[in-house]
1. On the principal axes of its Cα set, how long, how wide and how thick is the stretch 376-425? Give whole Å, largest value first.
2. Would you mind checking which residues have amide H under 5 Å from residue 142's amide H? H placed 1.01 Å from N; only 5 or more apart, or other chain.
3. Amide H of residue 275 versus every other amide H placed in the peptide plane: which residues, excluding those fewer than 5 positions away on the same chain, fall under 5 Å?
4. Please work out the Kirkwood hydrodynamic radius for the stretch 282-383, using every pair of different C-alpha atoms, and report it in angstroms with one decimal place.
5. Please state the relative contact order of the stretch 350-469 as a whole percent: Cα pairs under 8 Å, 6+ residues apart?
6. Relative to the compact-globule scaling 2.2 N^0.38 Å, provide the ratio for the alpha-carbon radius of gyration of the stretch 557-599.
7. Starting at the first residue of the stretch 622-632, write each ³J(HN,Hα) from the Karplus equation 6.51 cos²θ - 1.76 cosθ + 1.60 with θ = phi - 60°, in whole Hz, x for Gly and Pro.
8. List the lysines whose alpha-carbon lies under 19 Å from that of residue 158, not counting same-chain residues fewer than 8 positions away?
Amino acid sequence: MNIPAKYNAQTVEAKWYKYWMEHNYFHSEPDQREPYTIVIPPPNVTGVLHMGHMLNNTIQDVLIRRKRMQGFNACWVPGTDHASIATEAKVVAKLKEEGIQKSDLSREEFIEHAWEWTHKHGGLILEQLKKLGASCDWERTKFTMDEDLNQSVNKIFKDLHKKGLIYKGYRMVNWDPEAKTTLSDEEVIYIEKPGKLYYVNYAIEGTEELIQIATTRPETILGDTAICIHPEDQRFTHLKGKKAIVPIVGRTIPIIEDDYVDVEFGTGSLKITPAHDPNDKIIGEKHQLEVIDIFNDDATLNANGLHYEGKDRFLVRKQIVKELEEKGFLVKTEDYMHKVGTSERTKAVIEPKISEQWFLKMEDLVKPAIDAVLKNGDVQLVPDKFINTYRHWMENIRDWNISRQLYWGHRIPAYYFGNGTNDYVVADSKEEALNLAKIKAGNESLVMSDIRQDEDTLDTWFSSWLWPMSVFNGINDPDNEDFKYYYPTNDLVTAPDILFFWVARMIIAGYEFADKRPFEHVYLTGIVRDQQRRKMSKSLGNSPDPIDLMDSYGADGVRAGILMSSAAGNDLLFDENLMLQGRNFANKIWNGFRLVKGWEVSENAVQPESSKMAIEWYKAKFQKTLAFIDEQFDQYRLSDALTAIYKLVWDDFSSWYLEMVKPEFGKPIDPITLKATVDLFEDNIKILHPFMPFITEEIWQYFKDRSEKEALVISAYPAQEKYDNLILDEFETIKEIISAVRNIRKQKNISFKESLELFVLKKDEVNADFYTLIKKMCNVSKVEETPKKIEKALTFRVGSNEFFIPFDLQIDVEAETIKLNEELAYHKGFLASVQKKLSNERFVNNAPEQVIANERKKEADALAKIAMVEKSLASL
């Protein structure tokens, strides 16, 4: 068997992913086994892999691979989201490059371009996930615009509308002037920015008096319809019932009274612009004020903007300030820090806008979802620090604006047949709508040309909130076998920034439409940040290309590196050195494998006692680590689980076990030890496989010829067994002894080829069964107990036992004295720090009993070592 000297990640990864796909290991069908189901958070269809995807999907793959090996019917459903705003923006930009404006196209023509773009660029991210090793059931890949998912969306819209939960209304909405659509409150990010506070005088009609207001948005003066004062503010009592004149416009507006006004803020009087401020709208409705909208959909000014018509709002702001100043209206300007609402997607500054939109009543819908997380624990958030965030959002929920002024997406299935407010029906098709319209209107003469569908599409989240159900066709056919078997799903792995956008809404939908939770656990990963704790993004240029990383370090190396730096639910500070550590780990495993495969075996060779002890110890060590790993998985502490495997394989197996069983140079190994070593190696790669699937499958297949039914990807995960804790404790003492002998060889420059003798003056028990290991690992000819100290010997102490290595050599007294004094100073310093802690009454009274006991043991050990060094100094 020709085993390459170096591990080639690129070749191996391509080979085994192809093999797994060819043998359909990732596909799941309902059977008698217990299902374990994950649905992927669908990335944008035209998106590319970024570091957040890497973290999120690596975690999902680790979970699904482990469950597959544990005998569950593991099903990981992949898919993509149509991402209305993001995709439409890309299509508009592409058309613009070709000299085509969206306004030049019909809806149908634009949709054709959108589908063309989606087919050309969509799905790339799923191919990139394959390079990562994602073991999704690719036969089940879904897209939120698939026909069956579109039917699900329409069915749910109809259901909610029939229940009276969906309604149309004129509301103040968040308007994105770049995307030209409304946004939900959750899609608006408030960023603190420096601005200006402009103080402006308004003349009082028929007098020489002035009233002063302060505003951050002087361009909206053109839409003012009132000045508001507090009814108890004595400064303005004389102005009650009078009128003011809007600067520049010359429009006369009433001075109204409302206790909404904060008399302490600004000038104590407010300009009221009901069309462009949510609070002003409330006041305007209360006082029946005129509403004057000054903006077009792209945030340029309309005809109400007078001579500023057609100009951008921010340009107008500069120009109107200049005009106000020139005409004597502007009193002063102050610097002002304030929070500005911006679109999460386009980064455009949001305009409050009164618009007729579709809304979903949320007050009653959220109740089961609140109970599921906050009361009965049906759905558990991990880590639970996010529960309060969930509580705040859900207990302060507002009706959901579900309509968007876009072409790309699920078109609202409402059809109009007249001009009245209620002259519409909700239907699956225009044909059905015509029949329903005839009934509703009581007009049999209606024809197809009288029917027109609503131009708006549904918010992207209105389809993705159905994802765990719709991917199994659970909305259209709730009695189908897949839905009954795989739903509810088990785990959802996602980022905390979409806890409300997506997670909470899926929980709401699960209880409303299936009367079941959509998943049991929600593992909220941290956010990948750079070393300056900034969120990684293209605009900052601080996000490496995951594909480049995998090309450099291998998918296994990147998977291991990113997980070792990601504590459960905490943000991950990306460090490329961790990818290097992951690659080095793969190389370490490969070199260990080549070592074992390189041993010659002789059927006549007898198993040494040292190998028997090593095997017994490592089996116990493996089982203890396995129990710890399983505990970490239960708590979604995958980083801690991987770190434990890393230490087990690197330290315990490679650095200790293999050294203990390795045959002497030029000699064969016995068959019993070799078989045990291969078995233990295979157990190692089984628990490592979910984290590093490629190199583990490669080694697994190299160990012996295996059929497709024996692939590692579907092999049985090791089961927990009872283990001997005593042998683990005893071996820690033996490790200290071996390390001490090796250290003496190094310090005294004694060749390993030179055999030594070791004597022990025992005060603590040392398991003599391990002496055979000391002999092998240290080239010691004998280990004997002695009743007294041995003169002319090198000494060291482990615990309370003193060890002697008789050795006749010329000692440099001066150098040895310096060395021993340095050692003495270290032990005295350590002792002082321990005693300081023990003399702290607060520490002693509050610390757990075991912690106090550990500190007293440290004190006793330090005193013993000090005494030994002082004796050595005296003997010099």
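No lab work stands behind these numbers, since they all come straight from the coordinates. Quantities reported herein were computed from a predicted structural model and do not represent experimental measurements. Counting neighbours? That spans all protein chains shown, and the Cβs are built from the backbone with ideal geometry, glycine included.
1. 51, 24, 20
2. 79, 80
3. Sorted by chain and number, the residues that satisfy this are 292.
4. Computed over the stretch 282-383, the radius equals 18.6 Å.
5. 26 percent
6. Rounded to two decimals, the normalised Rg is 1.47.
7. Result, ordered by residue: 4, 5, 5, 5, 4, 4, 5, 4, 4, 4, 5 Hz.
8. 168, 361, 430, 438, 440
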